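The values are calculated or read from the model by the stated rules, or taken from the named source; none is laboratory data. Please read all numbers here as calculations on a predicted model, not as lab measurements. As a convention, Cβ positions derive from the backbone with ideal geometry for all residues, glycine included, and neighbour counts pool all protein chains shown. All accessible areas refer to the heavy atoms of the entire protein, side chains included, with ligands and DNA or RNA removed. Shrake-Rupley method; radii C 1.70, N 1.55, O 1.52, S 1.80 Å.
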Amino acid sequence: MDTRKEVYRQSGVDTAEADAGLGHIVARVQGTWPRAGFGRVVLPIGYFANVVDVGGVGIALCTDGVGSKTMIADMMGKYDTIGIDCVAMNVNDMICVGARPVSLVDYVAVERSDAAMLDAIGIGLCEGARMAGISISGGETSQLKDIVTGFDLVGMAVGRVDLDKVIDGGTVAPGDVVVGVRSSGIHSNGLSLARKAFFENDRYAIGHRFDELATTIGEELLRPTDIYVPEALEILDTVAGVKALINITSDGLLNLTRVAAPVGFEIDRPIEPHPIFALIQRLAGVDDAEMHEVFNMGIGFCYVVAPADVERTLAVLARHGRVAQPIGRAVADPDKRVRVPPRRLVGRRKKFWTEDHAVRRAG
């Protein structure tokens with residue numbers, strides 16, 4: 001048994017079963033794709049968003065939700081930022097294909113209607129839309145008291161990209177530099193494990209303060225996901241050597257391997273993780289490998305750029321108030337592994353191992 005997967009399964013997320021189910025869905029839905037012409041699907045399933053050819057116009061589509069971060073909002077009784085997360089989870093994926101996000105529709109499923117709560121969620125959605133430069137063009141609210149406990153929040157975004165400018169990372173080459181952007185914190189992934197660490201068996205109250213944190217646990221976990229759209233669009237417009245944009249969400253730095261090019265990555269200068277991650281690791285009793293599979297570990301977004309364009313990319317990010325640095329490089333590797341030497345980790349697909357374990361597996 002993989003003890004790391006078992007820990008996460010016990011926190012309420014069975015990733016292996018989800019992956020198996022997803023494989024069946026992918027095989028079925030691809031049968032709906034037109035082979036050519038109007039409605040042609042441009043990218044394979046598995047990238048951050050997809051693009052559909054609508055009469056020669058590239059329409060980008062993606063959908064995502066905020067997961068069990070809604071439970072933190074319920075515990076705090078604070079709902080006016082969770083909408084920012086919903087917008088962020090969608091638009092940060094969409095820009096990875098080179099698309100400009102245009103609009104979003106939302107879906108809120110509630111156990112029972114609460115006008116003040118719904119209004120507060122709307123405040124966050126509108127603030128996220130303002131930050132991303134998009135509209136909220138519609139949505140749906142459902143009362144599902146027999147299905148939902150608390151509430152769930154999901155969005156679906158649409159955007160626009162020229163078909164000859166769709167980005168899938170296919171031009172990434174060995175030696176290209178990975179520029180990492182510091183996250184605001186936990187963002188919207190790994191909250192099931194975080195809740196297990198802090199709140200299982202009433203271990204800590206939502207208002208508990210650790211010396212390592214500047215806020216309460218609840219405030220730290222509810223901190224909104226950063227929205228990277230304005231600076232990403234400027235980089236796409238002004239940096240000729242940008243090869244890939246990578247949203248670091250669930251699977252952490254393993255998201256780098258989504259690029260189409262047959263390369264791996266060596267991350268030898270990772271950004272120092274926020275204190276919240278060390279607290280979760282200690283209290284949940286999980287190792288570095290699982291932490292890097294589940295969390296962003298302080299890196300919210302990455303750009304893969306030609307070496308000559310690193311300084312220009314960093315300059316744009318600095319103008320937008322982002323903390324960023326070169327964290328590694330692409331390397332020749334048809335197995336598409338991610339190595340993090342400072343943590344002695346080697347990853348492939350959706351899993352990290354320690355270097356010693358990886359050597360034993362190879363032997």
- Filter the range 95-105 for residues that are in contact with a helix residue (DSSP H, G or I) (Cβ under 8 Å, 6 or more places away or on another chain) and either buried (at least 24 other Cβ atoms within 10 Å of the Cβ) or small (Gly, Ala, Ser) (or both) and give the result. 95, 98, 101, 104
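Any residue at all in the range 41-49 that's under 15 Å from the mean Cα position of the chain (by Cα), in contact (Cβ under 8 Å) with a residue 60 or more places away in the chain and open to solvent by 40 Å² or more (accessible area, probe 1.4 Å)? Don't jump to the end; show me each part of the working.
Initial filter on the range 41-49 (under 15 Å from the mean Cα position of the chain (by Cα)): 46-49.
Filter once more, keeping what is in contact (Cβ under 8 Å) with a residue 60 or more places away in the chain: 46-49.
Imposing the further condition that a residue be open to solvent by 40 Å² or more (accessible area, probe 1.4 Å) reduces the set to 46.
Within the range 41-49 (the criterion being under 15 Å from the mean Cα position of the chain (by Cα), in contact (Cβ under 8 Å) with a residue 60 or more places away in the chain and open to solvent by 40 Å² or more (accessible area, probe 1.4 Å)), the answer is yes, since at least one residue qualifies.
Listed residues 227, 248; which is touching a Cys at 6+ places or on another chain (Cβ under 9 Å), open to solvent by less than 30 Å² (accessible area, probe 1.4 Å) and under 25 Å from residue 133 (Cβ atoms)? Before the answer, list the steps.
Working: 227 fails: touching a Cys at 6+ places or on another chain (Cβ under 9 Å).
Of 227, 248, the one residue that is touching a Cys at 6+ places or on another chain (Cβ under 9 Å), open to solvent by less than 30 Å² (accessible area, probe 1.4 Å) and under 25 Å from residue 133 (Cβ atoms) is 248.
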- Query: Residues in the range 231-244: is at least one in contact with a helix residue (DSSP H, G or I) (Cβ under 8 Å, 6 or more places away or on another chain) and over 30 Å from residue 176 (Cα atoms)?
  - Reply: no
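Within the range 282-315, restricting attention to residues that are small (Gly, Ala, Ser) and in contact (Cβ under 8 Å) with a residue 40 or more places away in the chain, which residue is most open to solvent (accessible area, probe 1.4 Å)? Talk me through it step by step, then tell me what you get.
Restricting attention to the range 282-315, the residues satisfying the condition of being small (Gly, Ala, Ser) are 284-285, 289, 298, 300, 306, 308, 315.
This time we only want the ones that are in contact (Cβ under 8 Å) with a residue 40 or more places away in the chain, so: 284-285, 289, 298, 300, 306, 308.
Working: 284: 22, 285: 62, 289: 3, 298: 0, 300: 0, 306: 20, 308: 97 Å².
That would be 308.
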- Taking the range 274-330 and keeping residues farther than 22 Å from residue 92 by Cα and under 17 Å from the mean Cα position of the chain (by Cα) leaves 290
- Report, by residue number, each residue of the range 119-138 that is in contact (Cβ under 8 Å) with a residue 12 or more places away in the chain, open to solvent by 50 Å² or more (accessible area, probe 1.4 Å) and in contact with a Phe, Trp or Tyr (Cβ under 9 Å, 6 or more places away or on another chain). 123
- Query: Among the candidates 318, 278, 260, which residue alone is free of Cβ contacts under 8 Å to residues at least 12 places away in the same chain and surrounded by fewer than 17 Cβ atoms within 10 Å (Cβ to Cβ)?
  - Reply: 318
- Going by the conditions given, is residue 307 touching a helix residue (DSSP H, G or I) at 6+ places or on another chain (Cβ under 8 Å) and closer than 26 Å to residue 170 by Cα? no
- Residue check for residue 179: under 30 Å from residue 219 (Cα atoms) and either hydrophobic (A, V, I, L, M, F, W, C) or touching a strand residue (DSSP E or B) at 6+ places or on another chain (Cβ under 9 Å) (or both): yes
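Any idea which of 180, 159, 139, 185 is under 26 Å from residue 229 (Cα atoms) and touching a His at 6+ places or on another chain (Cβ under 6 Å)?
Numbers: 180 fails: touching a His at 6+ places or on another chain (Cβ under 6 Å); 159 fails: touching a His at 6+ places or on another chain (Cβ under 6 Å); 139 fails: touching a His at 6+ places or on another chain (Cβ under 6 Å).
Exactly one of 180, 159, 139, 185 is under 26 Å from residue 229 (Cα atoms) and touching a His at 6+ places or on another chain (Cβ under 6 Å), namely 185.
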- Item | residue 196 vs. criteria more than 30 Å from residue 309 (Cα to Cα) and part of a loop (DSSP other than H, G, I, E, B) | no
- Message: Consider the range 139-161. How many of its residues are surrounded by 13 or more Cβ atoms within 10 Å (Cβ to Cβ) and either touching a Gly at 6+ places or on another chain (Cβ under 8 Å) or outside any strand (DSSP E or B) (or both)?
- Response: 9
